[in-house]
Amino acid sequence: KSNINIYDEYHELNSKLIEFKTNIRNVVTDYLKSINQNRITFSNLVNEYVLMNSKLLKSGPSLDTTKSICKILANSSLGSITLNQLGKTEIESYFNKLKVSNRTKINRLRRIRAILTYGRKAGFTTNPDPTGLIKFKLENSDPETITTLQLVELLSRTKDKLIQCIIILKSYGLRTSEVLGIDYAKSLNLDKQTLLITNDVSKTGRSNNI
């Protein structure tokens, strides 16, 4: 009976010790998170987000687009702001200074929201999403085409025989990722003078002949 009591007391003490260690771990984890929020900038979080996408997407047009947008955001006025200071006011201030269409603003806002969502899930921040109340009215205008600078970049990465084709594509409002993702050998029909945008390349997920 004495041995049984000692055994029970041991397990009770061991359970309390485990609970104590768990509480200590949680307190330390919360403390480190609070320190991280005071130190980690939005640019740091963007870099972590890109690394995560690089592991998931491996390579391809989607990853290239993600890296391109993230590079713009990391080098923007938002980049140096720490996560605990990043709020609706700071994000609105960034967008107010942009000289781009509302369509572009909407796309960047979605990316910022995705980055912050990743940050919360990964434990980099516990702050609520500050982008929820930010809205942009989409203008009734033609779809955006790639910019002149993007066109120059595309031409520098393209063989001479495709340069004319790339220039024509610019007039159809195709996204950079779509232009780079097309398999021209299979999709270009010179007899019918058409180009097939397959569903695996198209941002809408639907095939289209132009």
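List of remarks:
- The candidates Leu17, Leu196, Leu190, arranged from most to least accessible area with a 1.4 Å probe in the full protein assembly, appear as Leu190, Leu17, Leu196.
- Most to least accessible of Ile115, Ile106 (protein chains only, probe 1.4 Å): Ile106, Ile115
- Anisotropy class of segment 45-106 from Cα gyration tensor, a/c 1.5 cut: oblate
- Across Lys55/Lys121; Lys55/Lys105; Lys67/Lys105, pairs whose alpha-carbon gap is larger than 20 Å: Lys55/Lys105
- Of the trypsin sites (Lys or Arg not before Pro) in segment 80-116, the ones in a loop by DSSP (not H, G, I, E or B) with at most 14 other beta carbons within 10 Å are Lys97, Lys99.
The values are calculated or read from the model by the stated rules, or taken from the named source; none is laboratory data. Predicted model, so just to flag it, every value in this text is computed and none were measured. Don't worry about glycine lacking a Cβ; one is built from the backbone with ideal geometry, like all the others, and counts go over all protein chains shown. Quick note on the areas: whole protein, heavy atoms, side chains included, nothing else; ligands and nucleic acids left out. Shrake-Rupley method; radii C 1.70, N 1.55, O 1.52, S 1.80 Å.
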